[in-house]
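Engineer: The structure follows.
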Amino acid sequence: MDDAPSQKEEYRTPHSYLYILGENTELYFSIISGIFWLLGVVFSYTHDDTPLIATTLFVFGVAFGGIFTLITVVEDLFRKRFEIDFLMLFAAIGAAILGKWGEAALLLFLFSLGHALEHYAMKRAKKSITALSNLAPPMALVKRNGKLTEVHIEQLKLGDIIVVKPNSKIAADGVVTNGTSPVNQASITGESVPVDKRPNHNWQNENDINKLLPEHRVFAGTLNGNGVLEIKVLKEAKDSTLSRLITLVKEAEAQKSPTQHLTDKFEKYYVPLVLLLVVLLIFSFLVIDETFQQSFYRAMSVLIAASPCALAISTPSAVLAGIARAARHGVLIKGGRPLEDLGGLKAIAFDKTGTLTTGRPTLTHAIPFGDASKSHLLKVAVAVEDLSDHPLAAAIVEGGKKELGNIAIPKAENLKSLTARGIQANWKESLIHIGNRRLFEELTQKKVPEEIDLKMSELESGGHTAMIVHQDDSYLGIISAMDIARPEAVSTLATLKKMGVQRMIMLTGDNQKVADAIAKQIGITDPMGSLLPEDKVNAIEQLKQQVGNVAMVGDGVNDAPAMAKSTVGIAMGAAGSDVALETADIALMADKLDNLPFAIGLSRKAKVIIKQNLIISLGMVALLVPLTILGTIAIGPAVIGHEGSTLVVVLNALRLLKYEIQE
């Protein structure tokens, strides 16, 4: 069959002008060819006194079985390309010249049938990828001057407000400005459960999709649920996550894996040696006692047996199927090399913030002191911090309001920042201070109470940022915030350990105490804190020297140098992130750490299937070539073995499309 797919072209199929019976014309022609061959065989046995009729039936079989191969060979010769189709056609012509029309018809019947089934199988592997192009709707409803206008998505401009009706596809990447609705994001992120979307009340000033929370941002090609959404367009159609995903997946298809490079190098020397052997066998009648026809026939049999069709298709078919399966699960694997390398990892290094943790602070403790109640402590903290724009303030306000429920909280006023110490404000005719020990030592001219000091030390040693809340002359208590571990981090790391990943390292710029605290919670083996970006690169280099293959998992921005130095760079939550998609070898489109074991398991399965395919393809050649040289088998059995092995490796590769991680 055809050689491996060209690395810069689509997988080759005969041109559409030949599809007179639809896209399966080649399959229909091969079936017709087989019918004529079968009729010829039957007629030659039942009417052996009239061989002309049987020969005519075989000729029709050759014509229908060879038309697509002939067209492909002619086009290849015009392009100065010498493909396996030429070898098969040459063998069929040779058999016909010798009067073996039945064997010529059998060869072209099985070759064309194998070709057609192979194209069908490969189209199935590409289906998940090419379907991406049809995800985005061609038109969008735009709100302009108070009216709804339908425009082509290419005409959408940044800042346009589009309206998405229930059960409709979203036309652009953007921020939700009005309406609530669940959105199915499986096509982009691989998430099986729809994500509830709600408006971002600061949408007028928001132009960066990467800064948005998941509940506020939407992607082109995702499916809206039962509510109407209004969305501000943040990316033009050509720059949408879907468009970049399609481009990157197509580039990934063209990248060769290490095994494929090896088989290409093997074929470079193997094919000329086969052709030399065939030429020598053609003239073997000069040195052994047989006719030219017998020597030529044997040479044609060897040519068929030795053609590396199965070898050529064994690796690319598995790589393509693996990439397609990963894309359906929300994992973008950018080519054959990372697909193979991922399965051989001995260690994985993780960035902390946004990878092992949620990436944003969360209120973790509200501990009252003395006669103060927890409710009062939270009311005071929320009222004052609501005036601040500090990231920790947002965490305290969000967490506090969640704990307090619908309780009304009087507003604070006159916020004042106290540099390196904390803040102060007025609340209900009292003066509030929130800050560190230094602030209260300056205010009271004495150390903070021992009970508060010990509790703060305990929280700080666990990685929390702790603050004292003070009202007039009274200590109300302590509030703390922390970038907490992802809910799925513990189970993911446990799964990776079961899969044989020996070391799991955390690389972070936070101090070592914070690194140790997070590591203890989630099961990291080697926490490394207080690292600058260049320190992370050095850490990756040392790990590679110690254990071999190492992956770096991060957000693709400040971790880009370490990703580039690692064996495999893996970007977390790459949907919408330009830098993550461009820098990583593998992108986990959803912000889901638990997709990592799936990707590693898929890689290992792909490596097993590639190895099986190589054994099948090379094993069949090793079996058929000696048998044809010795004359033990003729063209017919050689064709069946040759074409059968090619189909087996393709169908074996397609098993990757059904891959599911084993629990």
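Engineer: Kindly list the number of the only condition in (1) out of contact with any strand residue (DSSP E or B) (no Cβ under 6 Å at 6 or more places or on another chain); (2) more than 18 Å from VAL278 (Cβ to Cβ) that fails for PRO626.
Structural biologist: Going through (1) out of contact with any strand residue (DSSP E or B) (no Cβ under 6 Å at 6 or more places or on another chain); (2) more than 18 Å from VAL278 (Cβ to Cβ) one by one, PRO626 breaks only (2).
Engineer: When you check THR355 against the structure, is it of a type in the set (S, T, N, Q), modelled with pLDDT under 95 and in contact with a helix residue (DSSP H, G or I) (Cβ under 8 Å, 6 or more places away or on another chain), yes or no?
Structural biologist: no
Engineer: Is the stretch 60-78 home to any residue that is modelled with pLDDT under 85, assigned by TED's automatic domain parsing to the domain that holds SER645 and either farther than 23 Å from CYS309 by Cα or among the charged types (D, E, K, R) (or both)?
Structural biologist: Scanning the stretch 60-78, I find at least one residue that is modelled with pLDDT under 85, assigned by TED's automatic domain parsing to the domain that holds SER645 and either farther than 23 Å from CYS309 by Cα or among the charged types (D, E, K, R) (or both), so the answer is yes.
Engineer: From ALA125, ALA116, ALA105, ALA91, which residue is modelled with pLDDT of 80 or more, buried (at least 19 other Cβ atoms within 10 Å of the Cβ) and not hydroxyl-bearing (Ser, Thr, Tyr)?
Structural biologist: Only one candidate qualifies: ALA105.
Condition check ((1) touching a helix residue (DSSP H, G or I) at 6+ places or on another chain (Cβ under 9 Å); (2) at pLDDT 90 or above; (3) surrounded by fewer than 20 Cβ atoms within 10 Å (Cβ to Cβ); (4) more than 29 Å from GLY221 (Cα to Cα)) across all residues:
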{"position": "LEU531", "(1), (2), (3), (4)": "yes, no, no, yes"}
{"position": "VAL547", "(1), (2), (3), (4)": "no, no, yes, yes"}
{"position": "PRO561", "(1), (2), (3), (4)": "yes, no, yes, yes"}
{"position": "LYS565", "(1), (2), (3), (4)": "yes, no, yes, yes"}
{"position": "VAL568", "(1), (2), (3), (4)": "yes, yes, no, no"}
{"position": "ALA571", "(1), (2), (3), (4)": "yes, no, no, no"}
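Engineer: Same structure, new question: Which of the numbered conditions does THR492 fail, given that it passes all the others? Conditions: (1) modelled with pLDDT under 90; (2) closer than 16 Å to GLY354 by Cα.
Structural biologist: Checking THR492 against (1) modelled with pLDDT under 90; (2) closer than 16 Å to GLY354 by Cα, the one that fails is (1).
Engineer: On the basis of being over 30 Å from ASP386 (Cβ atoms), in contact with a Leu (Cβ under 6 Å, 6 or more places away or on another chain) and either crowded, with 20+ Cβ neighbours inside 10 Å or not hydrophobic (A, V, I, L, M, F, W, C) (or both), does LEU507 make the cut?
Structural biologist: The answer is yes for LEU507.
Engineer: Taking only the stretch 601-636 into account, find how many residues are of a type outside the set (A, V, I, L, M) and within 40 Å of the chain's Cα centre (by Cα).
Structural biologist: Residues in the stretch 601-636 being of a type outside the set (A, V, I, L, M) and within 40 Å of the chain's Cα centre (by Cα): 10 in total.
Residue by residue, here is whether (1) of a type in the set (Asp, Glu); (2) modelled with pLDDT under 70; (3) within 22 Å of LEU98 (Cβ to Cβ); (4) part of a helix (DSSP H, G or I) holds:
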residue	(1), (2), (3), (4)
ASP3	yes, yes, no, no
TYR11	no, yes, no, no
PRO14	no, yes, no, no
GLU26	yes, no, no, yes
PHE29	no, no, no, yes
GLY34	no, no, yes, yes
VAL41	no, no, yes, yes
SER44	no, no, yes, yes
THR56	no, no, yes, yes
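Engineer: Looking for something modelled with pLDDT of 70 or more, in contact with a helix residue (DSSP H, G or I) (Cβ under 8 Å, 6 or more places away or on another chain) and acidic (Asp, Glu) - is there at least one such residue anywhere in the stretch 289-309?
Structural biologist: Yes, because at least one residue in the stretch 289-309 is modelled with pLDDT of 70 or more, in contact with a helix residue (DSSP H, G or I) (Cβ under 8 Å, 6 or more places away or on another chain) and acidic (Asp, Glu).
Engineer: Could you tell me which residue of the stretch 593-602 is nearest to GLU660 (Cα to Cα), considering only residues that are surrounded by fewer than 24 Cβ atoms within 10 Å (Cβ to Cβ) and not hydrophobic (A, V, I, L, M, F, W, C)?
Structural biologist: By that ranking, first place goes to GLY601.
Engineer: Follow-up question, since we're still on this one. Of the residues that make up the stretch 485-492, is at least one within 30 Å of GLU541 (Cα to Cα), among the basic types (Lys, Arg) and surrounded by fewer than 15 Cβ atoms within 10 Å (Cβ to Cβ)?
Structural biologist: For the stretch 485-492, residues within 30 Å of GLU541 (Cα to Cα), among the basic types (Lys, Arg) and surrounded by fewer than 15 Cβ atoms within 10 Å (Cβ to Cβ): absent.
Engineer: Please go through the stretch 589-600 and pick out each residue that is under 13 Å from the mean Cα position of the chain (by Cα) and modelled with pLDDT of 85 or more.
Structural biologist: If the condition is that a residue be under 13 Å from the mean Cα position of the chain (by Cα) and modelled with pLDDT of 85 or more, then ASN595, LEU596, PRO597, PHE598, ALA599, ILE600 are the ones that fit.
Engineer: So which residues in the stretch 193-232 are at pLDDT 85 or above, of a type in the set (A, V, I, L, M, F, W, C) and out of contact with any Ser or Thr (no Cβ under 9 Å at 6 or more places or on another chain), if there are any at all?
Structural biologist: VAL218, the sole residue that qualifies.
Engineer: If you don't mind, another one. Consider GLY477 against the criteria (1) part of a helix (DSSP H, G or I); (2) touching a residue at least 40 places away in the same chain (Cβ under 8 Å); (3) small (Gly, Ala, Ser): it satisfies all of them except one. Which criterion is unmet?
Structural biologist: (1)
Engineer: Touching a residue at least 12 places away in the same chain (Cβ under 8 Å) and either more than 26 Å from MET300 (Cβ to Cβ) or assigned by TED's automatic domain parsing to the domain that holds ASP289 (or both): is that true of LEU614 in this structure?
Structural biologist: Yes: the conditions hold for LEU614.
Engineer: Here's another thing I want to ask about it. From LYS352, LYS334, grab the single residue that is buried (at least 24 other Cβ atoms within 10 Å of the Cβ) and either in contact with a strand residue (DSSP E or B) (Cβ under 6 Å, 6 or more places away or on another chain) or closer than 30 Å to LEU596 by Cα (or both).
Structural biologist: LYS352
Engineer: Follow-up question, since we're still on this one. Within the stretch 438-455, which residues are part of a loop (DSSP other than H, G, I, E, B) and not aliphatic (A, V, I, L, M)?
Structural biologist: Within the stretch 438-455, GLN445, LYS446, LYS447, PRO449 qualify.
Engineer: In this structure, does VAL278 turn out to be out of contact with any His (no Cβ under 8 Å at 6 or more places or on another chain), within 16 Å of VAL621 (Cα to Cα), modelled with pLDDT under 85 and surrounded by fewer than 19 Cβ atoms within 10 Å (Cβ to Cβ)?
Structural biologist: no
Engineer: Any idea which of ALA349, ALA366, ALA326, ALA372 is in contact (Cβ under 8 Å) with a residue 12 or more places away in the chain, in a loop (DSSP other than H, G, I, E, B) and hydrophobic (A, V, I, L, M, F, W, C)?
Structural biologist: ALA372
Engineer: Check off (1) assigned by TED's automatic domain parsing to the domain that holds ALA571; (2) more than 45 Å from the chain's Cα centre (by Cα) for ASP341 and give me the number that stays unchecked.
Structural biologist: ASP341 satisfies all of (1) assigned by TED's automatic domain parsing to the domain that holds ALA571; (2) more than 45 Å from the chain's Cα centre (by Cα) except (2).
Engineer: Take LYS147 and decide whether it is modelled with pLDDT of 90 or more, farther than 30 Å from ALA326 by Cβ and of a type in the set (Lys, Arg).
Structural biologist: No, not satisfied.
Engineer: Consider the stretch 280-296. How many of its residues are under 12 Å from ILE629 (Cβ atoms) and in contact (Cβ under 8 Å) with a residue 40 or more places away in the chain?
Structural biologist: The number of residues fulfilling the criteria is 1.
Engineer: Tell me which strands (runs of 3 or more DSSP E) are completely within the stretch 389-436 and hold 2 or more residues being touching a Lys or Arg at 6+ places or on another chain (Cβ under 8 Å) and surrounded by 13 or more Cβ atoms within 10 Å (Cβ to Cβ), or say none if there are none.
Structural biologist: 422-427
Engineer: Checking GLY359 against (1) on the phi > 0 side of the Ramachandran plot; (2) surrounded by 18 or more Cβ atoms within 10 Å (Cβ to Cβ), which test does it fail?
Structural biologist: (2)
Engineer: For a quick check of your reading: which strands (runs of 3 or more DSSP E) sit entirely within the stretch 491-561 and have at least 2 residues that are over 25 Å from the mean Cα position of the chain (by Cα)?
Structural biologist: In the stretch 491-561, the matching strands (runs of 3 or more DSSP E) lie at 526-528.
Engineer: Would you please name the residue that is surrounded by the most Cβ atoms within 10 Å (Cβ to Cβ), looking only at residues in the stretch 610-663 that are of a type in the set (Ser, Thr, Tyr) and in a helix (DSSP H, G or I)?
Structural biologist: Only one residue fits best here, namely THR646.
The values are calculated or read from the model by the stated rules, or taken from the named source; none is laboratory data. Bear in mind the structure is a predicted one, so any value in this text is a computation, not a measurement. Methodologically, a virtual Cβ is constructed for each residue, glycine included, from the backbone with ideal geometry; neighbour enumeration extends over all protein chains shown.
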